[in-house]
Each structure stands twice: as C-alpha cells, then as structure tokens.
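Q: To start, I am sharing the structure in question, which I have written as structure tokens.
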There are 2 protein chains.
Amino acid sequence: MKFCSECAQPISQIIPEGDNRVRYVCLSCDTIHYQNPRIVAGTLPTHEGRVLLCKRAIEPRKGYWTLPAGFMENGETTEQGALRETVEEANARVIGLQLYTMIAVPHINQVHIFFHGELADLDFSCGIESLEVKLFEESDIPWKNLAFPTVSSTLRRYFVDRETDINNSKNILPTHVFDISIQDKLKL
Amino acid sequence: MKFCSECAQPISQIIPEGDNRVRYVCLSCDTIHYQNPRIVAGTLPTHEGRVLLCKRAIEPRKGYWTLPAGFMENGETTEQGALRETVEEANARVIGLQLYTMIAVPHINQVHIFFHGELADLDFSCGIESLEVKLFEESDIPWKNLAFPTVSSTLRRYFVDRETDINNSKNILPTHVFDISIQDKLKL
C-alpha cells in the first residue's frame, strides 16, 4: 500500500493514537487502512471412504493436489463459500457439512476452514482451476504431491479419526482447531 | 475505495476477466483490490458457572454488554487474537480454550469466533474499551442490554449446553457453526 484509497495522497506507516500496532495511515484525510487475515473456506468431500481431490491448474502449486477451497467472499457464509469453491473447482455437491478443521496460518495472514461432507452424487468434473478431479482411497493419497500444509494436515487427521470412528461406531467426526507455522511448512 | 493504493489513479468497479464478481480494479496498473470478510475473535470466559461480560466504553453499542472480542490481527492465530482481546478488554486470562461458536454474519462481511475457557484467576478489571467487567449468573445476564446478536446467541447456546452437560456429566461443550442474517439482527 503506497497511496490512500480515499484521497490518493501518499500513505504513512505509524502507530495511531490509542493503538499499539503500526498501521497504514493517511495523514492527509486521517483514514486508517486496517489489514486483517483472510479466510480460505473449503470442503473435505468423501464417498464410501474415498476422498475427492483436485489437481491444481493454476499457481500457486500448479500440478499439486488439493481439497477444493478458496478465499471466502464478502456477503456469504463460511458454508456458502466452501460449497461455492467445491462447485467451482470440482463441479461437485457436498451434503451434511460439519466443521472439521479450522487452521490458522499466521505467517501468511490466513485462516483455513474445512467442512467435512458426503458427495451428493458422483457427477463431478474439472472446474476451470483444476486439471483433474478424482476420488482417492487412503492408500493412494499423493502425500508428496499435496498443494498445501493445511490440506495434508486435514487429510492426516481425517484418516485417523475415521479409523477411531469405525471402531467406536459413533459416526461423528470431531472438530480440530490448530495452527500451522512457517516451521511446519518448511518441514513438509 | 476511490483510488488505487498502488498507483493513486482513480479506481473502477468491473468484473475482471475470468472472474464472476464486480471488484475494485485499477485500469492503470491492473491491480485487483479484493475485499474479504474479517474475523472477530473472542472468548466466553466462565468461572464456577458464571460468565464474564464487559460493558462497552466505545461505539458501536457503547454502554451495552459484550463478551471480550475484537478484530483478529495479521500475524496471529485465532486463539491468540481471542486471548489478546480478552486481556485488552477485561485484563483477564482464560485457559483451556475450546472453539465454541463460529458465526458468519454475511450482511456485515464478518465471521465471529468464540472460544470457551475458564478464567485462570479472578484478577480481572476494565481495559480501556470497557466501563465495567463483571461475572454474571445465568439469571442475571442483561439479555436486553447485550451489544451484539453473536454475543446473545453464544450465551443462549452456552446455558442450554451447560444444562445438558451437567445432566450427561460429559464436561465437553459442542462446537456450534451457524449464521446470523440481517433478519435475525432486526428481531433482537
């Protein structure tokens, strides 16, 4: 940010009065331009124990596999954002959404939210952002070719929970809240 | 948004190529200025069945009671944001955080996230944004003087869940994911 989006004057970086953080501030019109984390919303779509993944057609991480997800838009709910992205990337409909993971990624100012749900039908196909869309058994998950740490950590937890779930016959997945640091990312 | 924050030229509102939504776009330097929902993170601090509320010293809703919460900042996790706001507004420390409610409020482009936790001690006091900070029994909650619909809906669920929880002796609160529409807000 170089100029004020309200009055076009050059922007300053200062700590406003009563605040304790450096902000982008316009000293000409006194507007404070706050910057806040963004939400990435997506789904973990399953069908008879298999998981739907999309091979990315776009950067970042083109050619790597991801769960369908993307930036939540103004005016929608988290579920609406997750379902919209699932249609956009995989032309897939998911039902029975339950919050599964909420993962803060503070070094990139994002919070990733994945809802588990069952595929409503098997009529899925590539959206414009995908090269391939496919159901994977646990043993076939391309662990070394996953696009993002939040995707691999969500999938890892899912297969553990599903095992526990089958043993307990509860049929309810827990909700996981955790963080991914820059160190976790580098380890992957 | 009137001017491009990168090059100070007047901004246009158009649907960029390959997109399906109107965005703020600079036709001079081609920057697309995306706008996304913001996260409000807070806590539901309890002590022996009582709930900590703060009377707001600032607008909006000055003089009304709220759970400690505020905008999540870049570089922090959701829990860190919730704990920071709890210190800022109530000088209170909360332990054993569990995600309790995640509430989309699409008409104001926000997602509110409340973590339940126990007060670590009773050494709380007013922060600069609070006029009063107090523990309330369920029967004393100022229902008609609560600041925000996300606060009242979180508190309502808590007292129901606590009752169920006492009966079941499970000592685990569920996670609730729901939305608040403009209609819900007007009803309050």
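The values are calculated or read from the model by the stated rules, or taken from the named source; none is laboratory data. Source: prediction; values computed, not measured. Don't worry about glycine lacking a Cβ; one is built from the backbone with ideal geometry, like all the others, and counts go over all protein chains shown.
Q: How many residues are closer than 27 Å to A:THR77 by Cβ, of a type in the set (A, V, I, L, M, F, W, C) and either at pLDDT below 95 or touching a Pro at 6+ places or on another chain (Cβ under 7 Å) (or both) when one looks only at the range B:161-186?
A: Total meeting the criteria: 5.
Q: Return the residues of the range B:40-53 that are part of a strand (DSSP E or B) and out of contact with any Phe, Trp or Tyr (no Cβ under 7 Å at 6 or more places or on another chain); say none if nothing qualifies.
A: Keep residues of the range B:40-53 that are part of a strand (DSSP E or B), which gives B:40-47, B:50-53.
Listed by number, the residues that qualify are B:ALA41, B:PRO45, B:THR46, B:HIS47.
Q: Of the conditions (1) under 27 Å from B:ILE182 (Cα atoms); (2) within 14 Å of chain A (Cβ to nearest Cβ), B:GLY127 satisfies every one except a single condition; which number is it?
A: Of the numbered conditions (1) under 27 Å from B:ILE182 (Cα atoms); (2) within 14 Å of chain A (Cβ to nearest Cβ), the odd one out for B:GLY127 is (1).
Q: For the range B:74-103, how many residues meet the condition of being in contact with a helix residue (DSSP H, G or I) (Cβ under 9 Å, 6 or more places away or on another chain) and among the β-branched types (Val, Ile, Thr)?
A: Here the count works out to 4.
Q: Can you pull out the residues in the range B:58-84 that are touching a residue at least 12 places away in the same chain (Cβ under 8 Å), surrounded by 15 or more Cβ atoms within 10 Å (Cβ to Cβ) and within 8 Å of chain A (Cβ to nearest Cβ)?
A: Scanning the range B:58-84 gives B:MET72, B:THR78, B:GLU79.
Q: From the residues in the range A:85-111 that are free of Cβ contacts under 8 Å to residues at least 40 places away in the same chain and at negative phi, which one is nearest to the other protein chains (Cβ to nearest Cβ)? Break it down into steps so the answer makes sense when it comes.
A: From the range A:85-111, those free of Cβ contacts under 8 Å to residues at least 40 places away in the same chain are A:93, A:95-96, A:108; that's our starting set.
This time we only want the ones that are at negative phi, so: A:93, A:95, A:108.
Working: A:ARG93: 18, A:ILE95: 15, A:ILE108: 9 Å.
For the range A:85-111, the residue satisfying everything is A:ILE108.
Q: Here is a further query. Starting from residues that are under 30 Å from A:THR86 (Cβ atoms) and within 13 Å of chain B (Cβ to nearest Cβ), keep the ones in the range A:1-50 and report whichever is surrounded by the fewest Cβ atoms within 10 Å (Cβ to Cβ).
A: Going residue by residue through the range A:1-50, those that are under 30 Å from A:THR86 (Cβ atoms) are A:35-50.
So of that shortlist, the ones also within 13 Å of chain B (Cβ to nearest Cβ) come out as A:35-41.
Values: A:GLN35: 12, A:ASN36: 16, A:PRO37: 25, A:ARG38: 19, A:ILE39: 24, A:VAL40: 23, A:ALA41: 29.
My answer is A:GLN35.
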